[in-house]
Amino acid sequence: MGAKALRLDSHSLTQLLNELDAQPCPAGHRPDLPAEPQYPYRARSLYLDVRRTGGETNRVVVHARAISQHGLAVLAPRSIPLGTPCDVYPIDTTGGWQVCKGEVGGCAPLNGHADIWDLCIRLVKPIDVVRYAPGAWRTKVLVVDDSPAICTLMRALLPKYDADVVCVQSGQEAVEEGLNNCFDLVMLDIEMPGMNGIEVAQTLRKRGCIQPIVVVSATSEEENRDACIAVGCDSFVSKPITVEQISELVHMVRPPPLVSALDDDPASHELVDTYVARIRGTIEHLMEAFASADRKMLSMLCRHICAEAPSCGFPSLLKLAVRVIESVEAGFPMSDVRRPLCGLVRNLRAARPASNFEPILPQDASGCPMSALV
């Protein structure tokens, strides 16, 4: 018997999911855990294997709408009793899938939709949400502008693009925040009382800040643009900034999850997890070496990455580390070493621990693989 699925066309399903995003998911938190963030998750035609008494398993095709570390909210074509054990196969952003054991923790009919149930699966083991929902990766943005109106606007707009924002209104505050906290992006105004934007950028770069700095200013004079680039800013955007530009900037500094090529080898999971656990320390050492202009240490750390990353299933990190080594050993100014180092650090942060992923999608009775993310 084929798996039962929703009778809803693609357009209607998308419209329904968008409407549901504004509503809470059915109660599905594990009672022994505090409430946790849930993120929109659009994976269609997931398999849900419902385990019945006596060992019988019935397969249901569901459509995912939200995900959290311990739960998955889906739309199902029928009601399933609370507490029913099940296996669900969430698909990640790379097309890989994982078998997750859980139980039905919430089930409610959708108003106005016959034969559609809002279902919540409570997972037995936590999952790495970043693999499935890009919004779980929160981009940290520092906004520096002396205008209260601009700060208010950015506080309203940036979270819509899965960014956490800190606003400061003076150059001195910007330097303190930029050096004492780790931001993915700095959005900087030029014309401010006291320390101006160019001085802020210059100070941050001299103190070892490698993160992208984008000037957002009402001035359009070529001299100001040139001065910003000269002190280490990455780009210049004229006010008023558009929502499209904000989205582009946030996505520019957010890498996709970096999944190990060894994820399908359970024997290698401990190796991958150990390497990923050490990455934070590696990043700290890289930043210290750059801030002190210690070329020898910077090159040595990158060579360690070249030796270890491919063996742990991260060959792309080798290529990025080689670019840093080439820049260092060619005698480039540290300001020119910063860009490849920033790319390496960004991707090191994106490396994910190993999970029980399979290299091939499971197939239904007809031999057709499940659909990937849409």
_Against the definition (touching a residue at least 60 places away in the same chain (Cβ under 8 Å) and either of a type outside the set (F, W, Y) or surrounded by fewer than 19 Cβ atoms within 10 Å (Cβ to Cβ) (or both)), how does M297 come out, yes or no?_
no
_Can you find a residue that is touching a residue at least 60 places away in the same chain (Cβ under 8 Å), in contact with a Phe, Trp or Tyr (Cβ under 8 Å, 6 or more places away or on another chain) and part of a helix (DSSP H, G or I) anywhere in segment 278-290?_
no
*When you scan segment 178-195, how many residues do you find that are surrounded by fewer than 18 Cβ atoms within 10 Å (Cβ to Cβ) and touching a residue at least 24 places away in the same chain (Cβ under 8 Å)?*
7
*Report, by residue number, each residue of segment 77-105 that is out of contact with any Phe, Trp or Tyr (no Cβ under 6 Å at 6 or more places or on another chain), part of a strand (DSSP E or B) and under 19 Å from H269 (Cβ atoms).*
C100, K101
*Please tell me if L188 is over 22 Å from the mean Cα position of the chain (by Cα), outside the structural domain of S316 (by TED's automatic domain parsing) and under 28 Å from S316 (Cβ atoms).*
no
*Is it fair to say R7 is among the charged types (D, E, K, R), in contact with a Leu (Cβ under 8 Å, 6 or more places away or on another chain) and modelled with pLDDT of 65 or more?*
no
*Where residues in segment 60-94 are more than 20 Å from E19 (Cβ to Cβ) and in contact with a helix residue (DSSP H, G or I) (Cβ under 6 Å, 6 or more places away or on another chain), which of them is surrounded by the most Cβ atoms within 10 Å (Cβ to Cβ)?*
D92
*Could you count how many residues in segment 146-188 are closer than 27 Å to G343 by Cβ and either assigned to a loop (DSSP other than H, G, I, E, B) or among the β-branched types (V, I, T) (or both)?*
10
*Please go through segment 243-261 and pick out each residue that is surrounded by fewer than 19 Cβ atoms within 10 Å (Cβ to Cβ) and in a helix (DSSP H, G or I).*
V243, E244, Q245, S247, E248, H251, M252
_Options R303, R295; residue that is touching a helix residue (DSSP H, G or I) at 6+ places or on another chain (Cβ under 6 Å) and modelled with pLDDT of 95 or more_ = R295
*Odd one out for A307, checked against (1) surrounded by 15 or more Cβ atoms within 10 Å (Cβ to Cβ); (2) within 20 Å of L262 (Cα to Cα); (3) of a type in the set (A, V, I, L, M, F, W, C)*: (1)
*Out of segment 217-268, which residues are out of contact with any strand residue (DSSP E or B) (no Cβ under 9 Å at 6 or more places or on another chain), closer than 24 Å to S335 by Cβ and in contact (Cβ under 8 Å) with a residue 40 or more places away in the chain?*
P255
*All but one of (1) touching a Phe, Trp or Tyr at 6+ places or on another chain (Cβ under 7 Å); (2) under 30 Å from V276 (Cβ atoms); (3) at pLDDT below 95 hold for V141; which doesn't?*
(3)
*Look at E221 and say whether it is closer than 24 Å to D164 by Cα and exposed (fewer than 15 other Cβ atoms within 10 Å of the Cβ).*
no
*How many residues are part of a loop (DSSP other than H, G, I, E, B) and surrounded by 15 or more Cβ atoms within 10 Å (Cβ to Cβ) if we restrict to segment 226-242?*
5
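The values are calculated or read from the model by the stated rules, or taken from the named source; none is laboratory data. Keep in mind that what you see is a predicted model, and the values were worked out from it rather than measured. Counting neighbours? That spans all protein chains shown, and the Cβs are built from the backbone with ideal geometry, glycine included.
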